[in-house]
Every structure is written in C-alpha cells, then in structure tokens.
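The values are calculated or read from the model by the stated rules, or taken from the named source; none is laboratory data. Please read all numbers here as calculations on a predicted model, not as lab measurements. With ideal geometry, Cβ positions are generated from the backbone for all residues, glycine too; neighbour counts draw on all protein chains shown.
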Amino acid sequence: MISVVIPSYNGAATLVPLCRSLSDVLRRLGLDREIIVVLDGSSDESRDLLVPLIEEGIVDVLCELPVRSGQQRATLEGILRGRGSWFLTLDDDFGHRPEDVEKLLAVKEGGANLVFGVPERGRRSSLRNLGSSLRSTLFHLASGRKKLIPSSFRLFSRSCARSLFLAPAACRYLSVELVRHSRKAESLLLTAGGATATIGAGTPPSLPGTSRHPASSLVRGTLSLASYLLPWRRDPLRSSRRALLVVGAGGGQLGLIRRAKKRSLIVAVSDRDSSAPGVSAADYFLSADTFDGEQSIAACIDAMWKGIPIRGVATAGTDQPVLTVSLVADHFLLPGALRPEIALAVTNKRVMKRRLEALGLPTLPWSLIGEETASAADTGPVPIALPGFPAVLKPVDSQGQRGVVRVESEEELYQRLSATLACSREAKAMVETFYPADEVTFSGWVEEGRLVPLLLTDRATLSSGPHIGICPAHRYPSLHAARSREVFALCDRFVRGFPIPSGPIYVQLLVGEEGIKINELACRIGGAYEELLIPALTGVDILDLQIDLAIEGRLSPQNHDVLVRAGASWPPEGFASVILAFAQKGVVRSIGELSKIRAVEGVVDGGYLLAPGRRIGELENSTGRAAWAVVRGKSAARVNRSVEGVYDALEVIGDSGENLMQDLRSFALHPDPLPDSEVP
C-alpha cells in the first residue's frame, strides 16, 4: 500500500480536484492506496468540501490540526497515521502534478527507496537564489549527500521514516531525516514539458522558479538545517533514553512493568482503566483499549509527540493484547513482535483452528455459529454441521475463560449463544466437541525459529455449572511428564508451521484416550505466574527475555546462554505448584496479611487480588481470582506442605465476618507424594 499525505492550509480551491486526480492516477497504475489529508488549522471550507470525498472512498483519512503548525508538522501528522509500506507527500495546489507520480515510481523500481520529485520553477529574485544556495549547501552538509536536491514532492519507503515515527518531536528538517535513513536516494528533475532527468553529482542546476513559502518559513528552514551541524546535536534514535510500552496495566503485566523499571527503562502503559494496578508502577499512562490496535496507535502518536521515547512494545499474561502489540510494532517499526497476520492466528480461535488443520496438527472438531443460525433453527434445519454433544461453546476472541460453557444439546446451545457472543467482538462463536481429558500447558521460548522447551505443567480445572475450564492451580511436574517429548514435537510443528520467529509460546493441550489434542495456542508468557515459576525451576528469567526481544529484537548473550543451558537440561528438576485461589460470593470487608503468605516455607511469592469493598459474584471464569501463590520444593511432599500452609493463611473476610475463601487446595496438591525420606 502507498500512503499519500497532503498537508493543506486553506487549500479549498484545489484540494478536491487534486484528490480526485490523484485517485484516478493511482487507480490507473493499479496501486493499493490511502489518501490522507491534514488540514493545518484551515479556516476555509476545506473540511466541508472533503466530506463527500470521504464518503466516496477517495479520501481515507482526514486529520485536522486545531491551529496552524506549519507544513512540516502537518506532513509529519499524516505520515504518522499512514499504514502504507510506501509514502508519497505533495503540496495541495497542483505545484506537484499527479501524473508525475508514475515517474517517481519508475525511479523506485530502479532500487531507490527515497525519490525527490523536483519541479521546474519560474524566475526568482537574487535574494531568493542566494537563500536557496545557502540552504542547498546546508542540506548537503546535514544529509551527507551532495547529489540530492530536496523537495516536498517525495516518494519513500516506510523504513526511511523510522526516525519520524519514533521521534517526531525531534525532527528538525524532514527531508534530512529521510535521507539519513535511506538506502539509496535520488532526485528527479521534472521539467514543464514532461521530460525528466535524474540529478547526479556535482553542483545542482540553477532552477528558475518562485517559492510558495513566505520568507519567514524559509528562514526557519535554514536555521533548522544549520542546527544539524551543531557538535552537541544527537541522533534521537541513539539516545540512552528508551521507553517500553506495556499493553495492559493489570496484575498480569505488573511483573513486566517492574522488571523494565529495574532495567532503568522508562515505562509507559496503555489501558482503558486509569485505576489499573500497573498505572501507578509506570512512568506514563496512555488511555487506550488494549484490544483496539488503532486506538493504541493513536495514543502512541500522541505520546511520541510529547517526547516519550517508545522503542519497544510488549505484553504478558494475556492473549488478546498480543495482536495489539503486533499492530503497534508494525506501525512504528519496533522490533521483536509477531507479524500482524501471525498475531491474529494466535489470538483468534477461528483463524487458529484453520491453520492447525492446514498443518495437520491434532485439534478438536469445530464449527462456527451466530445469531442468524439460532434464528434459522427455530424454523428449519440448522445450516451448519455441529460437532456433536456434549460440546463446548466459546468466543473466538476472548480470554480468561469468559463465555466458555459446556452445552448438552442444540437447545441449550442456542440458549447460551447470546451470552457467549456478548464476550466477543465477532458475530459468530465457536462450538467444538467436548473431549474428556486432562489439561496440560507447555511453556517455551522461540529463538530465531528454534523452540526451546521450558515447562510442562498440569492445568487443574473445575466446573461451575455450565462454566468449565476454570483453573485453581498448576502443578509441576505434570502427571503426563512421560509424554513430554510428544508434546514438544507437536509444539515444534506449530512453531515451524505458523511460523513463530521469536518470543514466548504458551500452549494448552488435552491428554485423553484419543491422544493429545491442541486446545489453544498463545505467543505470550502464561497468565498463571509463569514469570515466577519458570525462573524458579529453570533459571531462565523469561521477563528479561521478553524485554530483550522488545527493545533490541534479540536476546543478550547472557540470556541466550542461560536459555541454551535450560533447553539442554530439560525437563528441569524440582516440584512446584501455583495456587490460584477463589473466594465465595459476598462483599469483601478486609483481607489477610500478605506477610503470612510469604512466610510459608517454600513460597516464592504470593498476593491478594481483591480489595476491601469488592463485590464477589458467582464463579464463572478466572476473573474471580482472590489470591495467588507460587510454591517450590525439592519434593512433592514439601510442596504439599507449602500448599497447606498457604491455604491456612489465606483470609478474605466478608461483611458477616466469615472467611470467604474457597478451600480448593486439593487441586494444588501433588497426588501420592513420596515421603521426604524416600526422595533421591
């Protein structure tokens, strides 16, 4: 796609025919395009005239600056909103002819990733010529390219604009920034008669013409160019000030936020909830829905204009923001994230299932069902092939077991469909065969396409009415540890087939009489405190790996070596349980002392998730967790004693003075442990 950016100040007389002409040219050339118009504080009727063009699909984005900020600022605003892999910028008055776009594209096909289209100009005053000569000299010194003549008629790749995306407020002269980050830049002389010439080395020709810009604008441009020659001026992309954007500010992201702070990074968090626990732990808060990529990108643009040096983006412990991370990274050319199409495949179960089937990986029979299907069922045959009953009904794009229910019949399926769809942004839900099986989770890290195994744990689950898959504990080692290599082989096929280039993976599998089935995939650190469990058992600081990848695009040598050693010694020794405790229905009056949980022998860490005044509803999904703890020991018996101690210490006191904690310790206990005296 090519993003066309047109900055305009009171350009009503020419904007509409220019946009129509551009659209016609680009359509004739067969180019996928978007046209972005930025009104730079315009006070004329430009906006009203552009509205019909938006409705016709000729103009795709209209950005309005409240006050006049100058051509460069307006152009930058348009570039920051562009989605294309290439950009075209031009003036709003036909000073740059739409038909000349084809000539710039021809130079691009010759290998250039930055092309200036230099229009022929009329006669100018001696003073103007002197100013132009000075600016040309300064431009050549600042850019280091003597062969070039800059112009606001530019065609350039997205990679050339990296500094503009990451540090727009630091941009002094747009064309210099583009040249500095270009691979091959050329200027193309566009003569009035239609002939063209590529401008080569030596002194640029003296082009007759008149400037459209006021003298004050030319003076500012000259001073901006001169600023590049100051000895203390630094490239903002080489600054030691770097910020990590963490998508989500909930409890699942707190560990990532704190670890980034410990590494002396600036931390910005994005969330729609300004009271989320991670907000106070971060340096900056961006108001944006973690499920909304476009909203998150807009929030980042605003943050970068304010000088927040975002150089990486990541999330942890949650599925859906993985797609948002990917979209933000793709837009701003940030390292380490999945490509958007891969991120969609690991966050949307509909896309995920189709890809699993295409790769021949074992998964459960499934179908999609929407409200229109339910209506059809009232009057005639159901127009889909249901996988049979009992079945599991789930949203295709939710998380935390929201909307996931077991249904026993078609009638119950349609009765529960609306509630499941209410947890989704899509019009259809997934229905799949219910498979009686144990659940296990596989955590690993992918480095340059190679999967390194870390943990295989049992995911203990319970049901609450029709709500299934609610997890009160994880246990290590898994009861199915003997099948670790089989699980690894399946996960490796997933990594190679999707493919996953780098980063964490978290795979839920079902182990039953008909073999191992892949239930769901994720490319993130697990949400059951794997950030603590993995380093406790393997020595791999997975949060550190995540930050390395997000900021640098690769692991540090030290983290790489630790990961290699962990993979070579897999599976790790030791025993552990993760307690994910729930409370009964009621209103929280007070919670117990955290120190009592942490004082239990074998506890790595723990905490409460409910605050006084919180109303606890019926148990339906993982959002009802009340407390947690990670415990580790040399034997299952020791871990079990720790589990008992944690549950004895947990207190969530209700209005009537009763302890609301549910006693679910049996899920965290290891079955039939050997006495300590018999442990090798």
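Worth a mention:
- Of all the residues in the range 45-82, those that are β-branched (Val, Ile, Thr) and without any contact (Cβ under 8 Å) to a residue 24 or more places away in the chain number 2.
- In the range 167-220, the residues that are out of contact with any Pro (no Cβ under 7 Å at 6 or more places or on another chain), at pLDDT 70 or above and of a type in the set (Gly, Ala, Ser): Ala169, Ser182, Ala185, Ser187
- Some residue of the range 616-626 being at pLDDT below 95, out of contact with any strand residue (DSSP E or B) (no Cβ under 8 Å at 6 or more places or on another chain) and not hydroxyl-bearing (Ser, Thr, Tyr): yes
- Pair list, Cβ < 9 Å and 6+ apart or interchain, from the range 483-495 residues that are among the small types (Gly, Ala, Ser) to residues that are modelled with pLDDT of 95 or more: Ser484/Phe442; Ser484/Pro453; Ser484/Leu456; Ser484/Pro477; Ser484/Ser478; Ser484/Trp570; Ser484/Pro571
- Odd one out for Phe488 among (1) surrounded by 23 or more Cβ atoms within 10 Å (Cβ to Cβ); (2) assigned to a helix (DSSP H, G or I): (1)
- When restricted to residues that are more than 11 Å from Lys349 (Cβ to Cβ), touching a strand residue (DSSP E or B) at 6+ places or on another chain (Cβ under 9 Å) and acidic (Asp, Glu), the range 411-440 contains 3.
- Selection of first residues in the range 22-42 that are under 19 Å from Ala74 (Cα atoms) and without any contact (Cβ under 8 Å) to a residue 60 or more places away in the chain and of second residues that are β-branched (Val, Ile, Thr) and surrounded by fewer than 21 Cβ atoms within 10 Å (Cβ to Cβ), restricted to Cβ pairs under 7 Å at least 6 apart or on distinct chains, gives the following pairs, ordered by first then second residue: Glu34/Val61; Ile35/Ile58; Ile36/Val61; Gly41/Val67.
- The single residue among Gly613, Gly602 that is in contact with a helix residue (DSSP H, G or I) (Cβ under 7 Å, 6 or more places away or on another chain) and either under 30 Å from Cys423 (Cβ atoms) or crowded, with 21+ Cβ neighbours inside 10 Å (or both) turns out to be Gly602.
- When Arg272, Arg311 are checked against the criterion of being in contact with a strand residue (DSSP E or B) (Cβ under 7 Å, 6 or more places away or on another chain) and surrounded by fewer than 20 Cβ atoms within 10 Å (Cβ to Cβ), a single residue qualifies: Arg272.
- If you go through the range 561-581 and pick out every residue that is buried (at least 21 other Cβ atoms within 10 Å of the Cβ) and either of a type in the set (Phe, Trp, Tyr) or closer than 15 Å to Arg665 by Cα (or both), you end up with 7.
- Flag if Ala437 is aliphatic (A, V, I, L, M), modelled with pLDDT under 95, surrounded by fewer than 21 Cβ atoms within 10 Å (Cβ to Cβ) and closer than 30 Å to Glu618 by Cβ: no
- Residue in the range 167-180 that is assigned by TED's automatic domain parsing to the domain that holds Ser227, assigned to a helix (DSSP H, G or I) and within 24 Å of the chain's Cα centre (by Cα) present: yes
- Residue within the range 338-356 that is within 30 Å of Ser69 (Cα to Cα), touching a helix residue (DSSP H, G or I) at 6+ places or on another chain (Cβ under 9 Å) and in contact (Cβ under 8 Å) with a residue 24 or more places away in the chain present: no
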